[in-house]
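*Asks:* Next up is a structure, given as structure tokens.
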Amino acid sequence: FGNPSDPGCRVPFALSRNGETTCLHSGSAGILTGYSQHEHFGATDAGVSIGRCNKSDGSYDFVELTAPTPGTANAAPKVGAVVISEIMYNPPSVPDSEYVELLNVSDVNVTLYDPTVRMPWRFTVGDPNDPTTELLLPSEAPITLSPGQRLVLTRNMEAFNWKSRAPDGVPVLAWGAGWLPNDGDTVQISKPNDNGHWICVDRVVYSDGSHPAFGQAADPWPAAADGSG
């Protein structure tokens, strides 16, 4: 791995901090023999490893880990400091009042802006590389979440305030154009790196309870959220 003097090295290589895809193939005498596995990973901070995390539905994700553990069992998945804590994708009676809530689960203040690269964090719906909805959080007056504090992102501020209204002290931002599709999609909060790429802080792939993912017998998401809150 990046070491041409190693006896096992044929072609030195490295992995991009901006993300890419790795592949593992079986072969004999230079010919592929059938086994193949590949995984895509996104941009990461320096010193952070990504590991396979098996989920209760039998599928898995590759996520950031709390510590690098080469040659031993993976450490626990890294959670936070900011997570997507609530999704209202199909609110009853007032569709424009849909929202996503973020929560600082750490014990330190988190500013949703990187002063080094002068870029704010980003909220997206859909493929993060080609999102159907995108909101860059404020740059002129960056939002700082204290431990346990929440931030609400909504499609329409007026509709949200009429239907729900956040408690005093909870900031609310509107993303404007775009929707949270009612049959499911991907929502993600990301922070910028110093090379024009986005590092995933938290991602949720939600559903309406009737779209089982590949390899699943059933969709574990509650169907009641689709139109009932």
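*Asks:* Would you check if Ser228 is exposed (fewer than 12 other Cβ atoms within 10 Å of the Cβ) and touching a Pro at 6+ places or on another chain (Cβ under 8 Å)? Steps first, answer last, please.
*Replies:* Numbers: exposed (fewer than 12 other Cβ atoms within 10 Å of the Cβ): yes; touching a Pro at 6+ places or on another chain (Cβ under 8 Å): yes.
Criteria met by Ser228.
*Asks:* Does Gly184 qualify as being of a type outside the set (D, E, K, R), surrounded by 13 or more Cβ atoms within 10 Å (Cβ to Cβ), on the phi > 0 side of the Ramachandran plot and under 22 Å from the mean Cα position of the chain (by Cα)?
*Replies:* Numbers: of a type outside the set (D, E, K, R): yes; surrounded by 13 or more Cβ atoms within 10 Å (Cβ to Cβ): yes; on the phi > 0 side of the Ramachandran plot: yes; under 22 Å from the mean Cα position of the chain (by Cα): yes.
Yes.
*Asks:* Search the range 86-103 for residues that are under 17 Å from Arg203 (Cβ atoms) and in contact (Cβ under 8 Å) with a residue 40 or more places away in the chain and pair each with any residue that is of a type in the set (Lys, Arg) and open to solvent by 30 Å² or more (accessible area, probe 1.4 Å) when their beta-carbon atoms are under 6 Å apart and the residues are at least 6 apart or on different chains.
*Replies:* Cβ pairs passing all conditions: Glu101/Arg150; Leu103/Arg150.
*Asks:* List, please: which pairs have Cβ atoms under 8 Å, are six or more places apart or on different chains, and start with a residue in the range 155-181 that is closer than 18 Å to Trp121 by Cα and assigned to a loop (DSSP other than H, G, I, E, B) and end with one that is open to solvent by 50 Å² or more (accessible area, probe 1.4 Å) and aromatic (Phe, Trp, Tyr)?
*Replies:* Short answer, once both residue conditions are applied: Arg155/Trp179.
*Asks:* While we're on this one: Tell me which residues, restricted to the range 13-48, are surrounded by 10 or more Cβ atoms within 10 Å (Cβ to Cβ), assigned to a loop (DSSP other than H, G, I, E, B) and more than 31 Å from the chain's Cα centre (by Cα).
*Replies:* none
*Asks:* Would you check which residues across the range 5-36 are of a type in the set (D, E, K, R) and closer than 30 Å to Pro192 by Cβ and list them? Explain how you work it out, then say what you get.
*Replies:* If we filter the range 5-36 for residues that are of a type in the set (D, E, K, R), which is where we start, we get 6, 10, 17, 20.
Of everything in the range 5-36, those that are of a type in the set (D, E, K, R) and closer than 30 Å to Pro192 by Cβ turn out to be Arg17, Glu20.
*Asks:* When both residues are 6+ apart or on different chains and their Cβ atoms are under 6 Å apart, which pairs have a first residue that lies in the range 134-145 and is over 15 Å from Val172 (Cβ atoms), and a second that is at pLDDT 95 or above and in a strand (DSSP E or B)?
*Replies:* Glu134/Thr124; Leu136/Pro120; Leu136/Arg122; Ser139/Pro120; Pro142/Thr111; Pro142/Tyr113; Thr144/Thr111
*Asks:* While we're here: Output the number of the condition that Glu140 fails; it satisfies all remaining conditions of (1) assigned to a loop (DSSP other than H, G, I, E, B); (2) acidic (Asp, Glu); (3) within 19 Å of the chain's Cα centre (by Cα).
*Replies:* The number of the failed condition is (3).
The values are calculated or read from the model by the stated rules, or taken from the named source; none is laboratory data. Small disclaimer: the values here were computed from a predicted structure and weren't measured. Please note: Cβ atoms are built from the backbone with ideal geometry, for glycine as well, and neighbour counts cover all protein chains shown. Quick note on the areas: whole protein, heavy atoms, side chains included, nothing else; ligands and nucleic acids left out. Shrake-Rupley method; radii C 1.70, N 1.55, O 1.52, S 1.80 Å.
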